[in-house]
1. Per the Kirkwood definition applied to all pairs of different Cα atoms, how many angstroms is the hydrodynamic radius of the stretch 36-137?
2. Just for the Cα atoms in the stretch 114-201, what are the lengths along the principal axes, largest first, rounded to whole Å?
3. Tell me which lysines have Cα within less than 19 Å of Lys321's Cα, excluding those fewer than 8 residues away on the same chain?
4. With bins 5 Å wide starting at 0, give me the P(r) of the stretch 31-72 over every alpha carbon pair, in whole percents.
5. If the reach is capped at under 24 angstrom between alpha carbons, list the lysines near Lys70, excluding any in the same chain fewer than eight residues apart.
6. At 25 °C and 0.890 mPa s, grab the translational diffusion coefficient of the stretch 251-346 from Stokes-Einstein with a Kirkwood Rh over Cα pairs, rounded to a whole number in µm² per second.
7. Just subtract the alpha-carbon distance of Lys136 and His106 from 0.36 nm times their residue separation and send over the number in nm, one decimal.
Amino acid sequence: ETNDGTSTASDIRVSIQETGPITDEVVPACLSTPNPASDDFHRVFCEDVVRLVETSNIHKHSTTCYKYSKGKSDTSKTCRMRMPRVLVKTSNIDLSTGQITMRRSHSWINNFNEWLISACRSNMDIKFIWSGNDAKALVYYITDYQRVTNSIDNAIEKLRKLVLRCYNMIASQQEVSGVQVASYLMNYDDHYTTHTFRNLFLISIENYLQAELSKARLQEKDIAEERLEDMTTHFDEEQEEDTKQTEEQFLLEPTQTKNGAKFVMVNTRLDYHHRSKDLTALCLYDFASHFHKKLIDKSDRRLIKNANESEGERLDTEGTKMNERYTFEGAHPQASSHIVMKHTNPVVPVLVGPQIPRKEREETTERYSRALLTIFVP
């Protein structure tokens, strides 16, 4: 380092015999920083700096150097890195403008600090920020890099959506054979899997919980009942979901009552809501995975009779080969004709409907949290 605080490759260069040739096998930037405690630290340090400067800090023109000079002739093009630069014998300060000019003994080497380049082991271009214009230019340069990073993230997100659209288009327009259509119509399996799957309409359950929450808030604040519809409509608009796809779906199934057989509307939400009190600690996902509803048969009626026709409790199946069985609460539409039985092998619930949004999106954080709570919290 010279008295004026500047460093260039020629200032610290030692003889070529001392530095030795730069090997092609090892990139100098990948070598470790010299140890200051070593006896020959100064010599090793000088060699290290020279190698780093020669390999990474000497400017070479590329196409990006002239990206602001498109359309100009080769003679009028200028490098945006201002290379090559004018040689300066000594560092000086222009008293009229206050501009600082660093000493320069090489036209193609960027300004560097020998300690920083040895520690960081990368290229650099040091410049004094002596005026407001230079400070503004630096701020623009930094913010422009940040904008480029955001553009890359946006491009990745757009690419992900494009691939998803392509897949959906291919899947929707895929031709199927007559045999495959017939197998679908006859409800035959068309795949071989290691697990059994069961559909779970999550979005309809979420909307039901949201509607119940809105009602509870209205009752707490003693708000007029007429405003409930406006509040529910506002929620749907914010979520931008199609009503036909998100409204609660029901199945029409038979049940047995005192007045004879009739049909009622049921779904997984009702089955879970009116499950046995012995299954209170079970979350929705585990309930859909481990249990299913079945019609009461003679064996089940015998167990129910032994349990004094209790509702919402576990039936005693000890000493038998029967799976665990539970009765529904009395409020369930099929409490008198169906029970809940545990699967021999758990099934895998498949969420049907709009997918759970990504966690990192601020506008869908509430929906993401609500979906996870609905699935995994009893």
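1. Details: mean 1/r = 0.0619 Å⁻¹.
With all distinct Cα pairs of the stretch 36-137 included, I get 16.2 Å.
2. Largest first, the stretch 114-201 extends 81, 29, 27 Å along its Cα principal axes.
3. The reachable lysines, counting only those whose Cα sits under 19 Å from Lys321, are Lys293, Lys294, Lys298, Lys305, Lys342.
4. Binned Cα distances yield the sequence 5, 19, 17, 13, 10, 9, 7, 8, 6, 4, 2, 0.
5. Within the straight-line cut-off, Lys70 pairs with Lys60.
6. Working: Rh = 13.6 Å.
Rounded to a whole number, D works out at 181 µm²/s.
7. Working: separation 30, 0.36 × 30 = 10.80 nm, distance 2.80 nm.
Length difference between fully extended and current span is 8.0 nm.
Each value in this text was obtained by applying a stated rule to the coordinates, not by laboratory testing. Source: prediction; values computed, not measured.
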